[in-house]
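No value in this document is a laboratory result; all are computed from the given coordinates. Everything numeric here is computed off the predicted structure, so don't read it as measured data. With ideal geometry, Cβ positions are generated from the backbone for all residues, glycine too; neighbour counts draw on all protein chains shown.
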Amino acid sequence: MHLTREEERFLNGEHGEALRLAMEVLVRVGEAMGAESMVPISHAHVSGVSYFSIGDYGVELLEELALKGAKVRVFTTANPSSMALAPDFMDRFGARYVEKQHRIIELLLSMGVHESFTCIPYILRTPRQGEHLAWAESSAVLYANSVLGAYTNREGGVVALMAGIAGRTYMAGVHLREFRVPRTLVRVAGSVKSRVIAGLLGLRIGAMSSGIPFVEFRGVSPADMPIGAVKQMLAAVGTASDLPMVVLEGVTPGYREYRRCADFVDRHTIRVEELVSELGREEGRGDVYITGCPHLDLEELKELAELVVRGVFDGYKEIWVALSPKVYRLGEELGIVQKLRELGVRFAVGACPVVTKLRLLGVEAVATDSAKAYSYIPKISGVTAVLRGW
Amino acid sequence: MTLVFKARRVFGKDAEGVALISTPLSPLGDIDPESGVVKARDSPAYGERLAGRVLVMRYMKGSTVGTYVLYALGRRGAAPRAIVVERPDPVLVSGCVLGGITLAYGVEQGFFEVVRSGMRIRVSVSTQSVSILDF
């Protein structure tokens, strides 16, 4: 791999052990992935923040990095923590979980990670088209590549932190245009109107695509879909595949050029009416309604509030909304949070129900609008999940 | 005789140990991070301890958390002497760097065809190769 003089100095340890280690990880990974050089990044996003995900070994590694003086060199954000640190839920967890979760957050902040704790880092700093990033969190990666026209692979959680420390990542995968060429054509027949159908569409697109898909819409263009539905679709693609990117007709910057240079090895049609039937076959209820996977933005929070006021979620014992500290604060300023609290809604601020062991909260069955949460919650928490939209 | 196979890359320290063959393992779930014992029932290495062995698989499976498990194994001295795979991935590579575990990848096909558990293996950083000793 060709390194600049500065990168060589980082790797030699001239700027400290933490940076040396970060560079070693990135260079070794880069070599393995066929990279010929590094690429400076403008923003790193770290995953693996929940204590339930990374455990004591994760804490150990972060402690070691902090001891070595690790500090990020570029704007770095992090994924949500588990619910053990969310004020609305903290007292339902044992002290050990709260302490360990807190330690993880402290360590990340000590390295200069921005007080972010959201899976939608693009609301904190919106990458511009053509920017190179090192993001972990598949739903955010898909959004960055497919909606914003930025360049990022689906980095591992630790590797993304290393990239934040080094200010660069390895130049491979979708940092290179040749690996952004669509290879699968997907035609969507019918109009996608709701977030939950958009999520089911994403699961299908992910499952059937052998390479980056170019998605054509016969009905409503994704440009006219609410952004919340597009977020749901992309998060679901990331759940059902290892794709970092989808080219959405009408949305992805440069989509016409991608269509021109596409090299399709397979083609598929998805009928929306089949997805609607699939949803119709969902049976069962949940004790708790969970929404905010990915985290709700302010518009989605407003929309949800109107529905809660109208009684759409009556019948559920609890309604949990996961969102970033930033959107929560904006919601408080607008009085939305207060109104929702009065109606029984609880907030997982800077937290994520998917990476929390929900049985510790006495939950056995959840309902959710998120195809991603619907897929992961049974695997991670061993509770049942049913898909119910709003 | 010694059979020598070229690798695309070997990094870490030179290592020598007894081969332990496995089907692809996911560090999270398939390996106990404290003892380094293989927990995957469908692996031929089930129940074996990784320490002192050269773990041979085609590739490693699994999520980002695998990096932490490899790191933990390294810290506890429960890691294998070396890991030899055909196909590398970022989780495996980053885990081996952080855990101080020698890794060889892109090794010539022939190695995987003839290697058996119990054979003595040498993994060499200086010659970027993997050898079967006393074949």
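State log₁₀ I(q)/I(0) for region A:253-365 at q = 0.11, 0.17 Å⁻¹ as given by the Debye formula over alpha-carbon point scatterers of equal weight, solvent excluded.
Values returned for q = 0.11, 0.17 Å⁻¹ are -0.54, -0.91.
Set the Förster radius R0 to 35 Å, insert the Cβ-Cβ distance between A:Arg341 and A:Glu274 as r into 1/(1 + (r/R0)^6), and round the FRET efficiency to 0.05.
0.35
Could you work out the helix-only [θ] at 222 nm for chain B, with each DSSP H run of four or more residues adding -39,500 (n - 2.57) and the total divided by the number of residues, to the nearest 500 deg cm²/dmol?
Numbers: 4 runs with 30 residues, N = 135.
Mean residue ellipticity, 222 nm, calculated: -6000 deg cm²/dmol.
Mind grabbing the base-10 log of I(q)/I(0) for chain A at q = 0.12 Å⁻¹? Debye formula, identical points on the C-alpha positions, no solvent, two decimal places.
Values, matching the q order: -0.93.
Of the cross-linked pairs A:Lys231/A:Lys372; A:Lys193/A:Lys339; A:Lys193/A:Lys326, which ones have a Cα-Cα span greater than 21 Å in the structure shown? All intermediate terms of the calculation are to be shown ahead of the outcome.
Details: A:Lys231/A:Lys372 11 Å; A:Lys193/A:Lys339 27 Å; A:Lys193/A:Lys326 28 Å.
Pairs exceeding 21 Å: A:Lys193/A:Lys339; A:Lys193/A:Lys326.
Along the charge dipole of region B:40-135, which of B:Val93, B:Leu70, B:Pro44 sits closest to the positive end, that is, farthest toward it, with unit charges on the beta carbon of Lys, Arg, Asp and Glu (+1, +1, -1, -1)?
B:Leu70
Between the helical axis of B:66-75 and the dominant principal axis of chain B, each derived from Cα atoms, what acute angle in degrees is found, rounded to the nearest 10?
80
Among A:Gly292, A:Leu201, A:Ile54, flag the residue with its Cα farthest along the positive direction of the charge dipole of chain A, charges on Cβ as +1 for Lys/Arg and -1 for Asp/Glu.
Of A:Gly292, A:Leu201, A:Ile54, it is A:Leu201.
If you bin the C-alpha pair distances of chain B every 5 Å from 0, what whole percents do you get?
Going out from 0 Å in 5 Å bins, chain B shows 2, 12, 23, 27, 21, 11, 3, 0, 0 percent.
Treating only the Cβ of Lys, Arg, Asp and Glu as charged (+1, +1, -1, -1), what charge dipole size does region A:283-387 show about its Cα centre? Round to the nearest 20 debye.
On the way: 13 positive and 14 negative charges, 77 e Å.
In debye, rounded to 20, region A:283-387 gives about 380.
Counting only helical runs of four or more DSSP H residues, what would the 222 nm mean residue ellipticity of chain A come to if each run contributes -39,500 (n - 2.57) and the total is spread over all its residues?
Result for chain A, helices only: -12500 deg cm²/dmol.
Over region A:283-387, what is the relative contact order in percent, taking alpha-carbon pairs closer than 8 angstrom and at least six residues apart? Don't skip to the end; give the middle numbers.
Working: 171 pairs, mean separation 36.9, N = 105.
Once normalised by length, the contact order is 35 percent.
With +1 on each Lys and Arg Cβ and -1 on each Asp and Glu Cβ, and nothing else charged, work out how big the dipole of region B:3-133 is about its Cα centre, in Debye to the nearest 20. All intermediate terms of the calculation are to be shown ahead of the outcome.
Working: 17 positive and 11 negative charges, 36 e Å.
Roughly 180 debye for region B:3-133.
Seen from all sides and averaged, what is the projected area of the convex hull of the Cα atoms in region A:5-177, in nm²?
Values: hull surface 39.1 nm².
So the Cα hull casts an average projection of 9.8 nm².
Could you work out the relative contact order of chain A, using alpha carbon pairs under 8 angstrom and six or more residues apart, expressed as a whole percent?
Numbers: 849 pairs, mean separation 69.2, N = 390.
Computed over chain A, the figure is 18 percent.
Placing +1 at every Lys and Arg Cβ and -1 at every Asp and Glu Cβ, with all other atoms neutral, what dipole size does chain A have around its Cα centre, in debye to the nearest 20? Don't jump to the answer; show the numbers that get you there.
On the way: 44 positive and 46 negative charges, 102 e Å.
Dipole magnitude for chain A comes out near 480 debye.
Using only alpha carbon pairs under 8 Å that are at least six residues apart, calculate the relative contact order of region B:3-133 and give it in whole percent. Display every interim value, and only then the final one.
On the way: 336 pairs, mean separation 47.9, N = 131.
Relative contact order, region B:3-133: 37 percent.
Can you find, among A:Tyr170, A:Gly112, A:Ser277, the residue sitting farthest towards the positive end of the charge dipole of chain A, where Lys and Arg contribute +1 and Asp and Glu -1 at Cβ?
The Cα lying farthest towards the positive end belongs to A:Ser277.
How much of the pair distance distribution for region A:181-279 lies past 24 Å, counting alpha-carbon pairs only, in percent?
Numbers: 500 of 4851 pairs.
Roughly 10 percent, once rounded to a whole number.
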